[in-house]
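**Student:** Okay, handing you the structure first.
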Amino acid sequence: MALQLNKSARGRNLKVAAGTGAVVLGAGYLLISTFPHLKTSIYNYLTNTQEEASDDNEPIELSRSDVQQAEKEEEALSQTVVGDSSLVDINEWSQDNLKHWLSQKEISPPPDATRDGLISYVKSIQEKSG
């Protein structure tokens with residue numbers, strides 16, 4: 001009888017070990033599925049290899065020529081004019097949009113100006129500044 005109790009205790013221990021192993025493997029799988037970057041970190045730790053981690057928040061240093069090129073491109077974009085008209089068709093603007101544009105340029109439009117008058121006024125300002 002002692003033999004039989006011993007076999008059942010051994011079977012019970014085996015079931016507990018198998019169940020615990022399944023739980024640990026399942027938790028590990030969920031952890032790596034949720035956080036895939038851990039996979040490479042764990043692999044590097046186990047193989048004793050060092051991989052340089054890239055820091056996305058690291059500031060980027062530009063050379064003087066890069067800065068000058070970016071400034072030239074920005075200036076070219078701000079002064080882009082196609083033929084005689086700008087990239088925006090002012091004729092499609094509403095009267096409120098025309099007045100708003102003028103107020104942004106710190107120019108007060110005439111109070112009795114019509115929409116056509118405002119359009120010609122805005123075009124003349126753009127020609128003088130462009």
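The values are calculated or read from the model by the stated rules, or taken from the named source; none is laboratory data. Everything quoted here is computed from the prediction, not taken from an experiment. Positions of Cβ are backbone-derived with ideal geometry, glycine not excepted, and every protein chain shown enters the neighbour counts.
**Student:** Inspect segment 61-79 for any residue being in contact with a helix residue (DSSP H, G or I) (Cβ under 6 Å, 6 or more places away or on another chain), at pLDDT below 80 and of a type outside the set (A, V, I, L, M) and give the result as yes or no.
**Tutor:** no
**Student:** Would you be able to say whether some residue in segment 35-42 is more than 30 Å from residue 107 (Cα to Cα), at pLDDT 80 or above, among the aromatic types (Phe, Trp, Tyr) and under 26 Å from the mean Cα position of the chain (by Cα)?
**Tutor:** Checked against the condition, which is being more than 30 Å from residue 107 (Cα to Cα), at pLDDT 80 or above, among the aromatic types (Phe, Trp, Tyr) and under 26 Å from the mean Cα position of the chain (by Cα), segment 35-42 yields at least one hit.
**Student:** Do you know which residues across segment 90-123 are at pLDDT 85 or above, in a helix (DSSP H, G or I) and among the polar types (S, T, N, Q)?
**Tutor:** 95, 97, 103, 104, 120
**Student:** May I pose another question? Here is a check on your reading of the model: is residue 54 surrounded by fewer than 10 Cβ atoms within 10 Å (Cβ to Cβ) and either assigned to a helix (DSSP H, G or I) or modelled with pLDDT under 85 (or both)?
**Tutor:** yes
**Student:** Specify which of the listed residues (9, 18) is at pLDDT below 80 and assigned to a helix (DSSP H, G or I). If you could, list the steps in order and put the result at the bottom.
**Tutor:** Numbers: 18 fails: at pLDDT below 80.
That would be 9, the only listed residue that is at pLDDT below 80 and assigned to a helix (DSSP H, G or I).
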